[in-house]
Amino acid sequence: MSALEQTPPPFFRRGPAPLAVLIFYAALSVALFVLDMRFHALGLLRQGISIVTDPLQRMAQSPLRLASDGMDYFRTINALREDNRAHQAARLRAAPDLARLAQLEAENAHLRRLLALRERDRVSGQAASILYAARDPFSRRVYLDKGMQHGLRQGQPVIDDAGIIGQVTQVFPFSAEVTLLTDKDQAVPVQILRTGQRSVTFGLGNGQMELRHMPVNADVEVGDELVTSGLDGIYPSGFPVATVTQVERDSAYAFARILVVPRAAVESHGMVMALDYRPDMEPRPPEAKENAGQNAPVPRRRTRAGRAANP
Amino acid sequence: MNASPQTVRILRPARPWFILISLLLALFLNLLPTRQWVFMPDWVMLALCFWSMREWRIFGMGYAFSLGLVMDVANGAALGQHALAYVLLHYAAASLSRRILQFPLKQQSLHVLPLFFGVTAVQILIRLVAGSDFPGWREFISPLVAALLWMPVAFLLIAPQYRPDERDDNRPI
């Protein structure tokens, strides 16, 4: 710069050199990337930009929505009757269980009181529908049509009619981002229904999940049901999570390789429910307090809760 | 502005509002629920490449950066992932524009193909560095399709600059 004795006249001005601009913006991008991926510190910026993109997103979804609404309108009355009959049959099948539920709950509460155990929390929720799936090929996320304005908060578990589908990881003013169970390294503390053994499932990022850290001789069979254990204090206990589909025991490794698939229709669109479940717990487990600075207020990946849940 | 040997006509300058509208339209096309189709091109990348080649004086790198951020938020990607790729694309396209624009549209699409591959590769590389899994070679189908679409898209975007100087009521376009 100092080599130039005189500046060019203003009508030839082209701004700073393109390479300098490139380096500035590339460095800014990388800085944002690191801040976002490593420290999850850019929620506010994301929320700000989402105010611009959200209406566009909704507009872009509307053709699909219109098409599906139109299809609904032109469904024949026969199909509706069929649907109605199926629902009635399903309700009838569930009726005995429902009738016994009240009695069982009373009995359970009574037994728990006798055993001096804490009573189970009742769970309520808020229905929402999935707007669209994220286009990002590296992650498994969907967006709900409700957000901060409707009272959704970060960390809420999200279920559909068959089981857990994921957790709210980011709340925007009018929408919310749900990280699915199948997202890479998304952890859920579970319990094997048949044996009562506790473990943690981790998403693999390809539509499957895996039970990690189970010894080779662990009592796990293909077809075992996994339900949430509730040890983490985020997911309420007893919700179906997944079914074991494959167990590989190789004595060369310390752990068995156990693949599970989610019970809920995790990667399809539909209605879901965000649960308001917040038991009275300490904000952090005691051993996590000393390195509290590293953790976000709501642990996103929740490997720490996972490790604590592992027997 | 850029008269290539094939075109003897001098183009009219691009209108800023047309650039803006074409970019918004590209963004809208990107947000359509077409995630399942691997062959869907990144429309923003196409439009951005075109304008950074033709009009890098008006369409600066800051626009590429902000569009990248918007795409990041809209896609649920990591912030800065698209921004970095688009900024690099803008630089490459603007600095190669003198050479690429000498060719007819058909050969231009061969020249932009490596740029589009680069955009995908940069995004995959930065995510791999951050610890994600490799999403598969299927991701490279979409830049290929984008390069094939270069000819029609570039033709559409350049068309308004071919307008004749004085309006002729008997002329169809």
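Laid out as a table, the results:
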{"read-out": "Selection count where residues are within 18 Å of B:ALA130 (Cα to Cα) and facing chain B (nearest Cβ under 7 Å), scope segment A:33-50", "value": "4"}
{"read-out": "Number of positions in segment A:32-51 that are within 28 Å of A:GLY270 (Cβ to Cβ) and modelled with pLDDT of 85 or more", "value": "5"}
{"read-out": "Flag for A:SER129 being in contact (Cβ under 8 Å) with a residue 12 or more places away in the chain and exposed (fewer than 10 other Cβ atoms within 10 Å of the Cβ)", "value": "no"}
{"read-out": "Residue within segment A:74-85 that is aliphatic (A, V, I, L, M), at pLDDT below 85 and assigned to a helix (DSSP H, G or I) present", "value": "yes"}
{"read-out": "Selection status of A:ASP97, in a helix (DSSP H, G or I), more than 30 Å from A:THR169 (Cβ to Cβ) and at pLDDT below 85", "value": "no"}
{"read-out": "Extreme residue, farthest from B:CYS49 (Cα to Cα), among residues of segment B:65-99 that are over 14 Å from the mean Cα position of the chain (by Cα) and β-branched (Val, Ile, Thr)", "value": "B:VAL73"}
{"read-out": "Some residue of segment B:136-144 being at pLDDT 90 or above and either buried (at least 21 other Cβ atoms within 10 Å of the Cβ) or within 26 Å of A:SER175 (Cα to Cα) (or both)", "value": "yes"}
{"read-out": "Qualifying positions in segment B:81-95 - touching a residue at least 24 places away in the same chain (Cβ under 8 Å) and either more than 7 Å from chain A (Cβ to nearest Cβ) or of a type outside the set (Ser, Thr, Tyr) (or both)", "value": "B:GLN81, B:HIS82, B:LEU84, B:ALA85, B:TYR86, B:VAL87, B:LEU88, B:LEU89, B:HIS90, B:ALA92, B:ALA93, B:ALA94"}
{"read-out": "Given (1) among the acidic types (Asp, Glu); (2) outside any loop (DSSP other than H, G, I, E, B); (3) more than 30 Å from A:ASP54 (Cβ to Cβ), number of the condition B:ASP168 does not satisfy", "value": "(2)"}
{"read-out": "Checking B:CYS49 against (1) away from chain A (no Cβ under 13 Å); (2) over 21 Å from A:GLN61 (Cβ atoms); (3) surrounded by fewer than 23 Cβ atoms within 10 Å (Cβ to Cβ), the condition it does not meet", "value": "(3)"}
{"read-out": "Exclusive hit being in a helix (DSSP H, G or I) and either away from chain A (no Cβ under 14 Å) or surrounded by 15 or more Cβ atoms within 10 Å (Cβ to Cβ) (or both), set B:LEU125, B:LEU115", "value": "B:LEU115"}
{"read-out": "Helices (runs of 4 or more DSSP H) enclosed by segment B:1-75 - at least 3 residues per element that are in contact with a Leu (Cβ under 8 Å, 6 or more places away or on another chain), farther than 21 Å from A:ILE51 by Cβ and modelled with pLDDT of 90 or more", "value": "B:43-54"}
{"read-out": "Test result for A:TYR143, within 14 Å of another protein chain (Cβ to nearest Cβ) and either surrounded by 20 or more Cβ atoms within 10 Å (Cβ to Cβ) or part of a strand (DSSP E or B) (or both)", "value": "yes"}
{"read-out": "Residue within segment A:83-101 that is at the interface with chain B (Cβ under 10 Å from one of its Cβ atoms) and among the small types (Gly, Ala, Ser) present", "value": "no"}
{"read-out": "Filter result (within 20 Å of A:ILE165 (Cβ to Cβ), of a type in the set (Ser, Thr, Tyr) and in a loop (DSSP other than H, G, I, E, B)) within segment A:190-230", "value": "A:SER229"}
{"read-out": "Residue check for A:GLN170: closer than 20 Å to A:GLY48 by Cα, part of a helix (DSSP H, G or I) and touching a residue at least 24 places away in the same chain (Cβ under 8 Å)", "value": "no"}
{"read-out": "Only one of A:THR182, A:THR169 that is buried (at least 17 other Cβ atoms within 10 Å of the Cβ), at negative phi and in contact with a Pro (Cβ under 8 Å, 6 or more places away or on another chain)", "value": "A:THR182"}
{"read-out": "Filter result (crowded, with 21+ Cβ neighbours inside 10 Å and farther than 18 Å from A:ASP161 by Cβ) within segment A:231-243", "value": "A:ASP232, A:ILE234"}
{"read-out": "Residue match in segment A:72-91 (condition: over 32 Å from the mean Cα position of the chain (by Cα), aromatic (Phe, Trp, Tyr) and surrounded by fewer than 15 Cβ atoms within 10 Å (Cβ to Cβ))", "value": "yes"}
{"read-out": "In segment B:52-65, residue nearest to A:PHE172 (Cα to Cα) [restricted to those that are more than 9 Å from every other protein chain (Cβ to nearest Cβ) and of a type outside the set (A, V, I, L, M)]", "value": "B:TYR63"}
{"read-out": "Residue within segment A:121-130 that is under 30 Å from B:ILE126 (Cα atoms), assigned by TED's automatic domain parsing to the domain that holds A:LEU180 and not polar (S, T, N, Q) present", "value": "yes"}
{"read-out": "Count of residues meeting criterion [in contact (Cβ under 8 Å) with a residue 60 or more places away in the chain and not polar (S, T, N, Q)] in segment A:149-160", "value": "6"}
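The values are calculated or read from the model by the stated rules, or taken from the named source; none is laboratory data. Given the structure is predicted, the values throughout are model-derived calculations rather than measurements. No Cβ is skipped: glycine too gets one built from the backbone with ideal geometry, and neighbour counts run over all protein chains shown.
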